[in-house]
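Here is the structure we will look at.
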Amino acid sequence: MDVFDPCYAFQDAELIKSAGCYPFFRVLSASDGPIVTIEGKPVIMLGSNNYLGLTHHPDVLRAAHEAIDRYGTGCTGSRFLNGNLELHESLERELAEFVGKDAALVFSSGFLANAGALGILAAGDGTVVFSERENHASLIDGFRLARAHPRVFNGADDLERQLSERTAWPNALVVTDAVFSMTGRVIDLRRLIELKHRFGFRLYVDDAHGFGVHGLQGRGTGDMQGIAGDIDILFATFSKSLASMGGFVSGEKRVIDFLRHKTRTLMFSAALAPAQAAAARAALHVMRNDASLFEKLWENVNFYRKGLLRLGYWNMNSTHPIQPVFVGSESLAFRMCQEALELGVFTTPVVFPAVPLGQALIRTSVTPAHTIEQLQQALDVFALLARRFPIPHVDPANLPEAAEMDFSYLFAEPPEEGEVPVAHLHA
Ligand SMILES: Cc1ncc(COP(=O)(O)O)c(C=O)c1O
């Protein structure tokens, strides 16, 4: 047995490549935000997390350039030792003030923030961790670092059922995404806070996809639902609305100070690069000062969302800029994304294990930087796909059961337009 045997046996990627619809690691040679260049051809980017479209905002670009001029390109060391910039500290103060917490701690990536913070917080003797079943990989890797074995819950009702085993849970840490990254589903944080008051646990919320989208000036999902002050630890990333890299956790001063001195992913990893920190800070300023960004975002989301629904697609009831297109079959998702790209629209297939087997979807997302014309072009492409491929009309209460991996569409010739009847999964 050679340790490389699993590598040599791995064939999934080759299988999809041989069918001509491998959708991963696509090479972009240029980008202006809503339009990217792939193989020399401009396509509409409908697969990003650039929720405020700020990656090319003049203030953000200028701040990044100035930070390079002032500090150079890298910190060449961790914040703990030689790489702690005034820029990191001011960003932390501004973030903490913005989200209404005592303190914040900035990491080089959101993944490192979640994994590092939970690697410590979930490791306490006797701590019981409850984790939402769709939680992001960085949270799950945090539990792994902590050697914790979380109890998985499926929404607030299920959490309540599990907590009801005891009258109080002062030793419990409940961890959840506020917005689930593949479907745009928003969790009811108010219910979780009611449970928190009843059972006395601590609540850690990952608002990667709600920060910069929900709430006053983008303060996040907790702010939108009126319970921000009840979240014990709030996490968000700079890699989405803030158009940069990096992430932060925020909360009580003594807790954040403890994490500052204990978190291995902060202490033993190089500090967030100056340009990234400055870009995130500038994006935060733009987001706080330009209300028109949000108006444009929601105008675009509404336009695009209604268009998808009119075409007969099921968007899994998402009202978020993430607009999933439910497809069902894994191979159909690969095939449709490939066709969409050839027709000028970049989307991403989401397949098992990111979603249950047989519940594949195409993830699309809208930004304020898209023009209505670009979104209409994208809808025209989806209209064409709807005529070419069987769009499942799904009864949301009755999703398909986990099925065998279905590769039939990978190798099928795409049918001629209009040839395919709409498929009813639950006819
Ligand atoms: C819900 C969620 N949490 C955390 C992260 C990690 O953030 P980052 O991209 O900053 O590493 C992501 C990014 O994919 C995410 O979607």
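So the values come out like this:
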item: Hits in the stretch 108-124 - residues which are within 11 Å of the ligand (Cβ to nearest atom) and in a loop (DSSP other than H, G, I, E, B); result: S108, S109
item: Selection status of L105, modelled with pLDDT of 95 or more and within 16 Å of the ligand (Cβ to nearest atom); result: yes
item: Spans of strands (runs of 3 or more DSSP E) in the stretch 146-248 with at least 2 residues within 11 Å of the ligand (Cβ to nearest atom) and in the same structural domain as L95 (by TED's automatic domain parsing); result: 172-177, 202-206, 233-237
item: The stretch 5-19 residues that are within 15 Å of F334 (Cβ to Cβ), paired with ones that are open to solvent by less than 60 Å² (accessible area, probe 1.4 Å) and of a type in the set (F, W, Y) (beta carbon under 7 Å, 6 or more apart); result: A13/Y22; I16/Y22; I16/F334
item: Criterion (in contact with a Gly (Cβ under 9 Å, 6 or more places away or on another chain) and crowded, with 19+ Cβ neighbours inside 10 Å) met by exactly one of L163, L118, L95; result: L118
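The values are calculated or read from the model by the stated rules, or taken from the named source; none is laboratory data. It should be emphasised that the depicted structure is a prediction, and the values quoted were computed from it without experimental measurement. Positions of Cβ are generated from backbone atoms using ideal geometry, with glycine treated the same way; all protein chains shown enter the neighbour counts. Each accessible area value is taken on the protein alone, full model and side chains, heavy atoms only, with ligands, DNA and RNA left out. Shrake-Rupley method; radii C 1.70, N 1.55, O 1.52, S 1.80 Å.
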